[in-house]
Amino acid sequence: MKRLLSTIAIISASAQMAFSQAPKPVADVNGVVDNTPDSIAKALMARPKPGSSRKGNNPVLFLIGNSTMRNGTLGNGNNGQWGWGYFEHKYFDNNKITVENQALGGMSSRTFYNALWPDIRKALKPGDWVIVSIGHNDNGPYDSGRARATIPGAGHDSLVVTIKETGKQETVYTYGGYMRKYIEDIRRAGANPILMSLTPRDAYDDKGKIVRKPHSQWLAEVSRETGVPYIDLNEISGRKLDSYGRWKESYHFYKDHIHTSLFGAEMNARSAAEGLAESTDPKLRPLQAMMKDLTLPTVSVKREEGKPVVFITGDSTVKNEDKDEDGMWGWGSQAYTVFNKKKITCVNCAKAGRSTRTYLKEGRWDQVYNSLQKGDYVLIQFGHNDIGPIDSQKMRGTIPGTSDSTHVYKMKDSGRYELVYTFGWYLKKFIQDVREKGATPILVSLTPRNEWKDGKIERRNDSYGKWYRQVAEETGCEFVDLHNITADYYDKKCGSKEKAMKYYKRDHTHSSLLGARVNAKSIAKGLKKIKSPLAKYLK
């Protein structure tokens, strides 16, 4: 009886306004047209059937959203854009709960509720969880076109409209009103609702901070009213973007100011997981028990007080077998032949066969990034493997040059799509990441190969050497030209491929122990030449 009286009170307090009295919908500031609904049949087939991921009697976590959660008709990154819902499963134990991304581009809280929600509602079972994070498209006309606008705010007002194209009559509610509808339906099914604010846009306010969406306030209001857990994804991701700086912030989006690249989607997915895991709302404890550990991966390094760490990144010319005296060696293994072990700690994080692209893609760079502390140094040397094929064989090549241009490639073996950048772009990303942590990045040009012409060892000064210099000039990053320092030494000492063979092992690229020591000495010589602060830690 008490609940009935409460419902009557809400209804009596509600005002069904006339169309002429309706407030203007939230402005469409996205400036893009999401055409997913134009091929909705194909999109619906690509989305999982609601509840189909369920394992036995385990619960399902349903994700309700738009293109920022699931992008494109197929949601597979073929347009270079990704939604964060694609990656959210990584943060949950699949043996305890499955994650279903039911989002669809172009949907507002209103159109999703009317068109897609009924099938999901039928699939809900007691103990399931539903994250509702939708609202970017709650704009435009109330009664024509896509007719997806909701009344701004969290009030209880409603508006009866007649859709011009169809003549169909529909009652439109406030943004908060639709949230209440989702909540009521979820609870009726014995499931658990979670309200989550929207992803940030690529837009800054007059104070130089990422704009926070008004929907956050409306969601917080509904959360307080209904007692539903609320996660402010907009704020969590917004703070991260604020800390990145303009250039790094910008590449978290792709093509426009609303849809995210892989970087942005993965960041939002982690932010959503962090918000859930760190919430003190007791209602979320059962869900938190089904989450994975969110500890960031780091490099294993024993830090000593007063000693900075120099992280060495690169490929097999930096780290190789490094054990058999007559085998292949990377110069990173010989770091302590030139650096003073009492003053600085050297950590060789290089990996054979990696390019800038694959070093980043495999998460190796993130381990270094997560480990950095103020005062550290990072030596960055790649190039030997960046020259290979981009979308076939080892799929590690990068686009030649230093511009910020990109291209979406379809990998021939897996059929997966990847947004690939230039060699120089990856270097610039590494440099910016290091500086963000208060550490010092130093570019190191690639080692010379044992290829000779007219009594001189090869130089790549018109390709990778040029690109290293361009990036160094553009960013102001320190640059050690190991390529030419070592090449000058071999020109003087050897004069031919045959005489230089003692510095190489098995092929024209990989170093012998002697060659690795030569390259380490070239590092020291280069640091002294440019008067790098790192030079004070040399022997």
## Note on the structure
By the C-alpha gyration tensor axes a ≥ b ≥ c (rounded if a/c is under 1.5, else prolate when a/b exceeds b/c, else oblate), the shape of region 399-466 is oblate
## Note on the structure
Between Phe92 and residues 5 or more places away or on another chain, the pairs with built amide H atoms under 5 Å apart involve Lys292
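Go through Tyr369, Tyr178 and list them by solvent-accessible area, largest first, probe radius 1.4 Å.
On the way: Tyr369 35, Tyr178 5 Å².
Putting Tyr369, Tyr178 in descending order of accessible area: Tyr369, Tyr178.
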### Query
Computed over the Cα atoms, what is the radius of gyration of region 188-262 divided by 2.2 N^0.38 Å, N being its residue count?
1.28
### Task
Could you state the accessible area per residue of region 296-353 in Å², with a 1.4 Å probe and every protein chain left in place?
48
### Message
Quick check: the distance between the Cα centres of region 333-395 and region 417-454, to the nearest angstrom?
### Response
9
### Query
In the full protein assembly as shown, how much of Thr509 is accessible to a 1.4 Å probe, in Å² to the nearest 10?
20
### Query
What accessible area, in Å² to the nearest ten, does a 1.4 Å probe give for His89?
100
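Whenever you get a sec, line up Glu473, Glu418 from highest to lowest accessible area (probe 1.4 Å, protein heavy atoms). Don't skip to the end; give the middle numbers.
Values: Glu473 155, Glu418 25 Å².
Listed by decreasing accessible area, they come as Glu473, Glu418.
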### Message
Leaving ligands and nucleic acids out of the surface, order Glu225, Glu451, Glu274 by accessible area at 1.4 Å, largest first.
### Response
Glu225, Glu451, Glu274
#### Entry: Average silhouette area of region 237-287, convex hull of alpha-carbon atoms, in square nanometres
4.1
### Query
Do the sum for the chain: with -39,500 (n - 2.57) for every DSSP H run of n ≥ 4, divided by all residues, what is the mean residue ellipticity at 222 nm, to the nearest 500 deg cm²/dmol?
-9500 deg cm²/dmol
### Task
Assign one of three labels to region 167-226, namely rounded, prolate or oblate, based on the Cα gyration tensor with a ≥ b ≥ c the square roots of its eigenvalues; rounded applies when a/c is under 1.5, prolate when it is not and a/b is larger than b/c, and oblate otherwise.
oblate
#### Entry: Compactness relative to 2.2 N^0.38 Å, alpha carbon Rg of the chain
1.17
### Query
Where only protein heavy atoms count, and the probe is 1.4 Å, what is the accessible area per residue for region 358-472 in Å²?
40
### Task
Give, in whole angstrom and from largest to smallest, the semi-axes √(5λ) of the equivalent ellipsoid of region 160-298, with λ running over the eigenvalues of the Cα gyration tensor.
29, 24, 14
### Message
I need the Debye-formula profile for region 251-376: one equal scatterer per C-alpha, no solvent, reported as log10 I(q)/I(0) at q = 0.10, 0.11, 0.19 1/Å, two decimals.
### Response
-0.50, -0.59, -1.10
### Message
Can I get the semi-axes of region 412-520's equivalent ellipsoid? Compute them from the C-alpha gyration tensor as square roots of 5 times the eigenvalues, in angstrom, largest first.
### Response
29, 19, 14
### Query
Direction-averaged shadow area of the convex hull around the Cα atoms of region 305-436, nm²?
9.3
## Note on the structure
Residues whose built amide H sits under 5 Å from the amide H of Phe339, excluding neighbours closer than 5 in sequence, are Lys539
### Where trypsin sites (Lys or Arg not before Pro) fall in DSSP loop in region 352-383, at most 14 other Cβ within 10 Å
Lys374
### Message
For Cα pairs less than 8 Å apart in space and 6+ apart in sequence, what is the mean separation divided by the residue count of region 328-399, i.e. the relative contact order in percent?
### Response
27
### Task
Determine the share of region 309-350's accessible area contributed by carbon and sulfur atoms, expressed in whole percent, with a 1.4 angstrom probe.
45
### Task
Once you have a ≥ b ≥ c as the square roots of the Cα gyration tensor eigenvalues for region 112-206, tell me rounded if a/c is under 1.5, and otherwise prolate or oblate according to whether a/b is larger than b/c.
oblate
### Query
Given H placed on each backbone N at 1.01 Å, which residues far from Ile399 in sequence or on other chains put an amide H within less than 5 Å of it?
Tyr421, Thr422, Phe423
### region 483-539, accessible surface, carbon-and-sulfur percent (1.4 angstrom probe)
53
## Note on the structure
Rounded to the nearest 10 Å², the 1.4 Å probe accessible area of Ile399 is 30
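The values are calculated or read from the model by the stated rules, or taken from the named source; none is laboratory data. Only a predicted model underlies this, so the values are computations on that prediction, with no experimental measurement involved. Positions of Cβ are generated from backbone atoms using ideal geometry, with glycine treated the same way; all protein chains shown enter the neighbour counts. We work out accessible area using only protein heavy atoms, side chains counted, and drop any ligands, DNA or RNA first. Shrake-Rupley method; radii C 1.70, N 1.55, O 1.52, S 1.80 Å.
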